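Asker: This is the structure I want to talk about, given as structure tokens.
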Amino acid sequence: MKTPAALFATVALLASALTARADFDLLIKNGRVFSGASADTPLVAADIGISGDRIVALAPHLTGPAKRTIDAAGLVVSPGFIDLHAHIEPLPEDRAAQSALRQGVTLVLGNPDGGGPVDLKALSAKLETQGFGPNAAYLIGHNSVRAQVMGMENRAPTTDELAAMQALVATGMTDGAFGFSTGLLYLPGTFSTFEEIVALAQVARPRPHRRRQRSD
């Protein structure tokens, strides 16, 4: 699992208090590290010690033995990047998504433009069983929800249809969605009303969610 940027600074500050000598699986030396700890000094000269899939030390001149050492002299070491607009359905033939990972993208946000699967529990299960390289989060898409309830009807929803769409959005949020996406230039979203969008967006308020994490 890649360490999220929001946690990177906290982990780094705690780890730097540890002894500079320890055993590491991976030691990244001589890099300029973007830790997020300070906007005034965004880059610090430091070594990074990693054990398993965790950063356990961040300090100048770490000296512990390591199974593998990378010399990052002249390079910047950064937390992974987030792709906020990723079409992960259907899953790519390259399940590892190397084109993303090799560019430093470690988290993708799927189901943009109001699209993607409505059954997010099934999507999460597919990502787990078939494998997917980056961490993945996803949205619940308005176009997909509307199409499931109303098809391609060019009209406002009835009270019952709006309630059915609200129920799908609520289920999507409970099943792990990070938010509600729209694509009002696309069908059938272009047929929707302002009131419809507001009513559905109100359902997508913050609630407990899951994020699929890499287990390797």
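Quick note: the coordinates plus some simple rules give every number you see, no bench work behind them. None of these values were measured; they are calculated from a predicted model. Virtual Cβ from ideal backbone geometry, glycine too; neighbours counted across all protein chains shown.
Asker: Hey, what D do you get for region 81-203 in µm²/s if you plug the Kirkwood alpha-carbon radius into Stokes-Einstein at 4 °C and 1.567 mPa s? Walk me through the intermediate numbers first.
Answerer: Values: Rh = 14.9 Å.
The Stokes-Einstein estimate is 87 µm²/s.
Asker: Another question, if that's okay. Give a residue-ordered list of calculated ³J(HN,Hα) values for region 114-122 (Karplus: 6.51 cos²θ - 1.76 cosθ + 1.60, θ = phi - 60°; whole Hz; x for Gly, Pro).
Answerer: x, x, x, x, 7, 7, 6, 5, 5
Asker: Tell me which residues come under 5 Å, amide H to amide H, from A96 once H is placed; ignore anything under 5 positions away on its chain.
Answerer: G133
Asker: State the extension gain, in nm to one decimal, for the chain segment bounded by E128 and Q98, taking 0.36 nm per residue of separation less the distance between their alpha-carbons.
Answerer: On the way: separation 30, 0.36 × 30 = 10.80 nm, distance 1.71 nm.
Here the segment from E128 to Q98 would lengthen by 9.1 nm.
Asker: A further question follows. Can you give the FRET efficiency for F194 and N154, using 1/(1 + (r/R0)^6), R0 = 22 Å, r = Cβ-Cβ distance, to the nearest 0.05?
Answerer: 0.90
Asker: Quick one: what are the phi-derived ³J(HN,Hα) couplings along region 197-202, Karplus 6.51/-1.76/1.60 with θ = phi - 60°, whole Hz, x for glycine and proline?
Answerer: 4, 4, 4, 6, 5, 5
Asker: Here's a follow-up. Ranked highest first by the average count of other Cβ atoms within 10 Å around their residues, in what order do 25-35, 67-77 fall?
Answerer: 25-35, 67-77
Asker: From the backbone phi of region 181-190, what are the Karplus-calculated ³J(HN,Hα) couplings (6.51 cos²θ - 1.76 cosθ + 1.60, θ = phi - 60°) in whole Hz, Gly and Pro given as x?
Answerer: In residue order, the calculated couplings are 10, 10, x, 6, 8, 10, 7, x, x, 5 Hz.
Asker: What are the residues whose amide H is under 5 Å from the amide H of E89, where those residues sit 5 or more places off or on another chain and H is modelled from the backbone?
Answerer: It is N111, by chain and number.
Asker: S35's amide H: which non-local residues (gap 5+, or another chain) put their own amide H closer than 5 Å, with H modeled 1.01 Å from N in plane and none for Pro or chain starts?
Answerer: V44
Asker: What does the net charge come to around S192 if you take all other residues with beta carbon closer than 12 Å to its beta carbon, with K and R at +1 and D and E at -1?
Answerer: -2
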